[in-house]
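Take a look at this one; I'll ask things after.
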Amino acid sequence: MRFEEAIEKLNAYKTSGIDADMTAFFTELEFATLDVEQWPDSFVTGLSELLGDNDFHRSPDSWKLLHFLNNNWEQLPGKQRGALREILATSFDSYSDSMGAFVTAEILGEHYCDKATLDVFARLAKEAAAPANAFVPHGLEVFANTTPQTTLRELAITQLRLLSRSASGSLGREATDALRRLQRTTTSQH
């Protein structure tokens, strides 16, 4: 499968109005991109446009594009990675399947370990709609487990503590659970 063909197929899913199962498509795309060291800019631009498209997010399988992106992160050109952060943050709570927010939180926490991402998580905790906002603690947990910088890890844990004390509902519960898992991880490492 050519990269242009992949974008055309993804756009066709969006415009068809049917809830097509995109699993087979993404499996085919995984195999097609295995031997490619870096994706062409036109392909990344097409992916970025889809990631920012609320019509595409209405498809139940649209989150699988995020999963594909996360699984193939090393093929994403470095200059394109930075631009994706804001697209991911903006579309965080717009997916019809909550897996969209879950995978977005993982991508942000794993691949953007810096202060700007902690600011994004703080904003999402306040502004994202439920139930998507309950995945912010998962992203902070991934961030805390991924970052090599002690200061950033402590800031992520501080955000989780604040959420566990002040946030209500599933957001607060998820923050408390994330803190417990981080505590167990820290205890088992010593």
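Consider region 60-101. How many of its residues are in a helix (DSSP H, G or I) and of a type outside the set (D, E, K, R)?
Taking region 60-101 as the starting set, the residues that turn out to be in a helix (DSSP H, G or I) are 63-71, 73-75, 78-90, 99-101.
Subsequent filtering for residues that are of a type outside the set (D, E, K, R) retains 63, 65-71, 73, 75, 78, 80, 82-84, 87-90, 99-101.
Count: 22.
Quick one: what pairs do we get from region 31-54, first residue more than 18 Å from Ala101 (Cβ to Cβ), second assigned to a loop (DSSP other than H, G, I, E, B), C-beta under 6 Å, 6+ apart or different chains?
What qualifies is Ala32/Met1; Gln38/Pro77.
Return yes or no: is Glu110 acidic (Asp, Glu), assigned to a helix (DSSP H, G or I), surrounded by 20 or more Cβ atoms within 10 Å (Cβ to Cβ) and in contact (Cβ under 8 Å) with a residue 24 or more places away in the chain?
On the way: acidic (Asp, Glu): yes; assigned to a helix (DSSP H, G or I): yes; surrounded by 20 or more Cβ atoms within 10 Å (Cβ to Cβ): no; in contact (Cβ under 8 Å) with a residue 24 or more places away in the chain: yes.
Criteria not met by Glu110.
When region 38-52 is examined, which residues are found to be crowded, with 19+ Cβ neighbours inside 10 Å and small (Gly, Ala, Ser)?
Gly46 - this is the single residue of region 38-52 that is crowded, with 19+ Cβ neighbours inside 10 Å and small (Gly, Ala, Ser).
Continuing with this model, one more query. Would you be able to say whether some residue in region 77-88 is under 28 Å from Leu163 (Cβ atoms), surrounded by 18 or more Cβ atoms within 10 Å (Cβ to Cβ), touching a Pro at 6+ places or on another chain (Cβ under 8 Å) and not basic (Lys, Arg)?
No - not one qualifying residue is present in region 77-88.
OK, next. Filter region 114-125 down to the residues that are crowded, with 20+ Cβ neighbours inside 10 Å and not small (Gly, Ala, Ser) and list them by number.
First, pick out the residues of region 114-125 that are crowded, with 20+ Cβ neighbours inside 10 Å: 117-118, 120-121, 124-125.
Result: Thr117, Leu118, Val120, Phe121, Leu124.
Just one of the numbered conditions (1) free of Cβ contacts under 8 Å to residues at least 40 places away in the same chain; (2) within 15 Å of His67 (Cβ to Cβ) is not true of Val136; which one?
Result: Val136 passes all but (2).
Now for a separate question. Do the conditions hold for Glu110, that is, is it of a type in the set (Asp, Glu), within 20 Å of Ala89 (Cα to Cα), under 15 Å from the mean Cα position of the chain (by Cα) and modelled with pLDDT of 95 or more?
Judged against the criteria, Glu110 is a match.
The values are calculated or read from the model by the stated rules, or taken from the named source; none is laboratory data. Please read these numbers as outputs of a predicted model, since none were measured by experiment. Backbone-built Cβ (ideal geometry, glycine too); neighbour counts: all protein chains shown.
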